[in-house]
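Read-outs: derived from the displayed coordinates by stated rules, not from any lab. Computed from a predicted model, the values in this text were never measured in an experiment. Here the Cβ is made from the backbone with ideal geometry for all residues, glycine too, and neighbour counts use every protein chain on show.
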Amino acid sequence: MGKITGFKEFERKNEAYVPIKKRVQNYKEFNIPLKTKEVEQQGSRCMDCGVPFCHSGCPLGNLIPDFNDMVHKGKWEKALEILHSTNNFPEFTGRLCPAPCEQACVLGIIKPPITIEQLEKYIVEKGFKQGWIVAQPPTIRTGKKIAIIGSGPAGLATAQQLNRAGHLVSVFERDNAIGGLLRYGIPSFKLEKEIIDRRIDLLKEEGIKFYTNINVGVNYSIKKLEVFDAIVLCGGATQRRTIPVKGINSKGVIQAMTFLKQQNKRNAGITFNEQDILATDKNVIVIGGGDTGSDCIGTANRQGAKTVTNFEIMPKPPVDRAETTPWPFWPLKLKTTSSHEEGCDRNWLISTKEFIADENGILKALKTVNVEWIYESGKRPILKEIKGTEKNWPCELVLLALGFTGPEAALSKQLGIKTDARSNYIGNEYQTNIPNIFTAGDMRRGQSLIVWAISEGREAARKVDEYLMGYSCLPTKGNGDLPSL
């Protein structure tokens, strides 16, 4: 590293946020940028650690010390080249990734780790601002046609890699715009949709064809897929988990993704036929303590909710890394997001017993009970209700942020794809039981991170290329060498 003592000289510095009262008035990103010198100092904190455990923490195998060193030296274009060699879309991961790389950072043993995620964002944003990021269409076409079903991060990464190999790539999206979870699942205050659009424009320039409002197996016959030499299924894990309790069908009990998608469409000026779902002047309860729950909290506050309450059935995590998740593993510890800071009553070890509705079926309250987890050696933990702790919570809107059980089964049945017990599409090295059909992302591995989806897309693309051509020049995981076309 160019600055051996940098970690001693500079402290970790994160971006500041626009004040809460101001930022909840709109759906714009609210980070306050650091100065270029401050960002370069953050790159200087990267240690000459010998074994960079951040590599193993990153599902993409990003060459983190390498681009940190280039930032330290002010060689931003070289940093971008290194970053892009393993990560197709650092503008997404630099905003949305929980940064497992940072939790594996060697410096994190004794000090706050390197701001790796933040550095990714600054590198790619400088690249767009300076005009360094341009379309790179292949010079040679193989004539092989590939269909990719789903335009989330896995589908987009697969598409770009296969297009780079010279194949003719078509991406089919069942919604009215490209982006999948990025477009309609992530609030704009975390990812403004213009960030997606500028990347899609580049992919189009590179020769990838995009088709929206195409739901394969529904309004597009699977017979039409026979013209393609290979198919990659990247439809995600979209079966939403629910709670099997009384009153679940009450008016006012809404799945989180329905709520978030509607607001994203509202922000984009897209009309929709369903009734408005708004938190305005309502007592809102969000069930689920993950990122989706946090997104619902931030959105409800921007809609002007009267109160926002969050329930989590698990115990409250410790503030510091737990002994059960030692470095360099992903730690079990309390996560407080910017949305939580905007206003939310958080509750742990609480379980929903019943949704209480009025005579018209409209939600008016939620009944809960406190719980505890009983742990016995060699056995699965048991959830036990605590007697005398039942409570009714007045509310007019409940958002179920409980994650997903797996991908939808309709397409697998039509195509004859084998699935596992969780309905995940089985892909042995991404290839299904049908030789020319592959699968990647959440559809293959179950609900996961965006960075994993991109990694899956890249790896699947290489396997498809090998299947079609007998070999592949596409890079392997953690290898930044791009193909020469």
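Hey, in the chain, which Cys have no second cysteine's beta-carbon closer than 4.7 Å?
C46, C49, C97, C105, C234, C296, C344, C395, C473
What is the magnitude of the charge dipole of segment 333-382 about its Cα centre, with +1 placed on the Cβ of each Lys and Arg, -1 on the Cβ of each Asp and Glu, and no other charges, expressed in debye to the nearest 20?
Computed about the Cα centre, the dipole is about 320 debye.
Read phi for every residue in segment 215-229 and hand back ³J(HN,Hα) as whole Hz from Karplus 6.51 cos²θ - 1.76 cosθ + 1.60, θ = phi - 60°, with x for Gly and Pro.
Each residue of segment 215-229 in turn: 9, 4, x, 10, 9, 9, 5, 5, 4, 5, 6, 5, 7, 9, 6 Hz.
Quick one: of the DSSP bridges fully inside the chain, what percent are antiparallel, nearest 5?
40
Normalised by the residues of the chain, what does the relative contact order come to in percent, with Cα pairs under 8 Å and at least six apart?
Reported as a whole number, the value is 17 percent.
Name the residue from I417, Q255, V71 whose Cα lies farthest towards the positive end of the charge dipole of the chain, charges +1 on Cβ of Lys and Arg and -1 on Cβ of Asp and Glu.
The listed residue farthest towards the positive side: Q255.
Answer rounded, prolate or oblate for segment 242-402, using the Cα gyration tensor with square roots of eigenvalues a ≥ b ≥ c: rounded when a/c is under 1.5, else prolate when a/b is larger than b/c, else oblate. List each step's numbers first, then the result.
Details: a/c = 2.21, a/b = 1.35, b/c = 1.63.
Judged from the Cα gyration tensor, segment 242-402 comes out oblate (a/c at least 1.5, b/c at or above a/b).
Taking 8 Å as the Cα distance limit and 6 or more residues as the minimum spacing, I'd like the relative contact order of segment 137-199 as a percentage.
34
Classify the chain: rounded, prolate or oblate, from the alpha-carbon gyration tensor (a ≥ b ≥ c, eigenvalue square roots; a/c under 1.5 rounded; otherwise prolate if a/b is larger than b/c)?
oblate
Assign unit charges at the C-beta atoms only (+1 for Lys and Arg, -1 for Asp and Glu), then state the dipole size of the chain relative to its Cα centre in Debye, rounded to the nearest 20.
Details: 65 positive and 54 negative charges, 79 e Å.
That gives the chain a dipole magnitude of about 380 debye.
Give, rounded to the nearest 20 debye, the magnitude of the charge dipole that segment 195-238 has about its Cα centre when Lys and Arg contribute +1 at Cβ and Asp and Glu contribute -1 at Cβ.
Working: 6 positive and 6 negative charges, 27 e Å.
Dipole about the Cα centre, nearest 20: 140 debye.
Which helices count as membrane-span-like in the chain under these terms: full DSSP H, at least 20 Å along the axis by C-alpha, Kyte-Doolittle mean of -0.5 or more? It would help to have the intermediate numbers written out before the result.
Numbers: long enough: 116-130 (21 Å, -0.74); 450-469 (28 Å, -0.09).
Membrane-span-like by this criterion, though nothing is claimed about a membrane: 450-469.
With each run of n ≥ 4 DSSP H residues scored as -39500 (n - 2.57), what mean residue ellipticity at 222 nm is computed for the chain after dividing by its residue count and rounding to the nearest 500 deg cm²/dmol?
-9000 deg cm²/dmol
Enumerate the amide H contacts of Y17 below 5 Å, restricted to partners 5 or more residues apart or on another chain; note that Pro and chain-start residues carry no placed amide H.
Hits under the 5 Å cutoff: I32.
Rank by packing, highest mean first: peptides 88-98, 2-12, with packing defined as the count of other Cβ atoms within 10 Å averaged across residues. Intermediate values should be presented prior to the final figure.
Numbers: 88-98: 23.4, 2-12: 15.3.
Result, highest mean first: 88-98, 2-12.
If packing is taken as the average number of other Cβ atoms within 10 Å across a peptide's residues, how do 167-174, 270-277, 346-353 rank, most packed first? Provide the component values of the computation, followed by the final result.
Values: 167-174: 22.9, 270-277: 9.5, 346-353: 18.4.
So the peptides 167-174, 270-277, 346-353, ranked by packing, come out 167-174, 346-353, 270-277.
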